[in-house]
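Following: one structure in structure tokens, then a few remarks.
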Amino acid sequence: MKFQRFPILTVALATGSMALSSKISETYIGPENGHLVIVGGNLQSDTIWQKIIALAGGPEAPLVVIPTAGGEPTYNDSLSSVASFRRNGAKNVTVVHTYDPAIADTEEFVAPIREAKGVFFDGGRQWRLVDAYAGTKTEHAFQAVLDRGGVVSGSSAGASIQGSFLARGDTANNQVMVGDHTVGFGYLKNAAIDQHVLVRNRHFDMFDILQAYPGLLGVAVDENTALVVHQNEAEVYAGTYVLIYDGGFWSREEQSELKNLPPPESRFYFLRPGDKYDLGLRKVIQVEEATEL
Ligand SMILES: *[C@@H]1O[C@H](CO)[C@@H](O)[C@H](O)[C@H]1NC(C)=O
Ligand SMILES: *[C@@H]1O[C@H](CO)[C@@H](O)[C@H](O)[C@H]1NC(C)=O
């Protein structure tokens, strides 16, 4: 069975009013310039590392790695993410780290980020990134990387930090979904991002957040899987699956209306590499062709 590809324009027109389309074009859920690469932890795939390098502008593009979520006393160039970037051709990778927001607010600290075309947030606990960088010159410099067309990327904690709502932001443990830190860096607006979702059987956890904040979009990315976002377009780039919690339902199968689905507030569905989702319309807009059965 073959499935049709839907051009984005068709979907936008099908929603009707001009007011709606102009609102969508003015306010993007993702970055207006540049790209996000949101990886659900355990990033092994060279395809994904290469995608980040390409979106930054190629091997010469200055990249900064932010290991701060990891919680180690000190960091140096021996990080595995630095090695992965270099193995995949990146020639200019700098580790930038502090736990002290006063340092993060200095020009000297922020200088490499001001030059960077790519940022990568390593894994660990996402609230450490908030404690170190929120409201500082460093946080503004991260946003500026996007504004000049670069890439903000990250895996695990480095995925969740990209949402406006900080999923699993509790300092006590990594199981509480609505914790003592709830504000992320917000490159993906009005959204909560979870990670390691299938490998760790986390697929019901997002509802803790959505019950408290029903307007949010829930996005949960599996391990070694990348969601690439620009403006309102999100594409599963490589790996296994990304789970979408938008109160709707979508299936690769025809006649899915014959299914016995749970109520909208309890639904989620899966996208796979090649599938595209419009974050503004909250609709699947491109379906990778189904395997012939
Ligand atoms: C890395 O990029 C920075 C910023 O563009 C530049 O100043 C520096 O010379 C580059 N380093 C190398 C080794 O290319
Ligand atoms: C770099 O960090 C690693 C891991 O913490 C450590 O084993 C190594 O000794 C450090 N290298 C230097 C040169 O400080």
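Here are some residues: GLY179, GLY169, GLY154. Which one is in contact (Cβ under 8 Å) with a residue 12 or more places away in the chain, under 25 Å from ALA54 (Cβ atoms), outside any helix (DSSP H, G or I) and open to solvent by less than 60 Å² (accessible area, probe 1.4 Å)?
Unique residue meeting the criteria: GLY154.
Which number in (1) open to solvent by 10 Å² or more (accessible area, probe 1.4 Å); (2) farther than 27 Å from SER84 by Cβ; (3) hydroxyl-bearing (Ser, Thr, Tyr) marks the one condition that TYR245 misses?
Failed condition: (1).
When the range 45-56 is examined, which residues are found to be small (Gly, Ala, Ser), open to solvent by 10 Å² or more (accessible area, probe 1.4 Å) and touching a strand residue (DSSP E or B) at 6+ places or on another chain (Cβ under 8 Å)?
SER45
Of SER78, SER84, which residue is free of Cβ contacts under 8 Å to residues at least 40 places away in the same chain and away from ligand 1 (no atom under 16 Å from the Cβ)?
Exactly one residue qualifies, and that residue is SER78.
Could you go through the range 14-26 and let me know if any residue there is open to solvent by 10 Å² or more (accessible area, probe 1.4 Å) and modelled with pLDDT of 95 or more.
No, the conditions are met nowhere in the range 14-26.
Being in a strand (DSSP E or B), within 16 Å of ligand 1 (Cβ to nearest atom), touching a residue at least 40 places away in the same chain (Cβ under 8 Å) and open to solvent by less than 20 Å² (accessible area, probe 1.4 Å) narrows it down to one residue among VAL37, VAL65; which is it?
Criteria check complete, one pass: VAL65.
Matching residues to (1) in contact with a helix residue (DSSP H, G or I) (Cβ under 7 Å, 6 or more places away or on another chain); (2) under 26 Å from GLN44 (Cα atoms):
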residue: VAL110; (1), (2): yes, no
residue: GLY150; (1), (2): yes, yes
residue: ASN173; (1), (2): no, yes
residue: LEU188; (1), (2): no, yes
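Of the residues that sit in the range 106-141 and are of a type in the set (Val, Ile, Thr) and open to solvent by less than 40 Å² (accessible area, probe 1.4 Å), which one is farthest from ligand 1 (Cβ to nearest atom)?
The extreme case among them is VAL130.
Could you list all residues from the range 44-62 that are outside any loop (DSSP other than H, G, I, E, B) and farther than 23 Å from PHE109 by Cβ?
Result: ASP46, THR47, ILE48, TRP49, GLN50, LYS51, ILE53, ALA54, LEU55.
Residues checked against (1) in a loop (DSSP other than H, G, I, E, B); (2) more than 30 Å from ASP147 (Cβ to Cβ); (3) out of contact with any strand residue (DSSP E or B) (no Cβ under 8 Å at 6 or more places or on another chain); (4) open to solvent by 30 Å² or more (accessible area, probe 1.4 Å):
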position: ALA220; (1), (2), (3), (4): no, no, no, no
position: VAL228; (1), (2), (3), (4): no, no, no, no
position: ASN260; (1), (2), (3), (4): yes, yes, yes, yes
position: GLU265; (1), (2), (3), (4): no, yes, yes, yes
position: PRO273; (1), (2), (3), (4): yes, no, no, yes
position: VAL284; (1), (2), (3), (4): no, no, no, no
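The values are calculated or read from the model by the stated rules, or taken from the named source; none is laboratory data. Small disclaimer: the values here were computed from a predicted structure and weren't measured. Here Cβ is always computed from backbone atoms with ideal geometry, including for glycine, and neighbour counts include all displayed protein chains. Note: areas computed on protein heavy atoms with side chains; ligands, DNA, RNA excluded. Shrake-Rupley method; radii C 1.70, N 1.55, O 1.52, S 1.80 Å.
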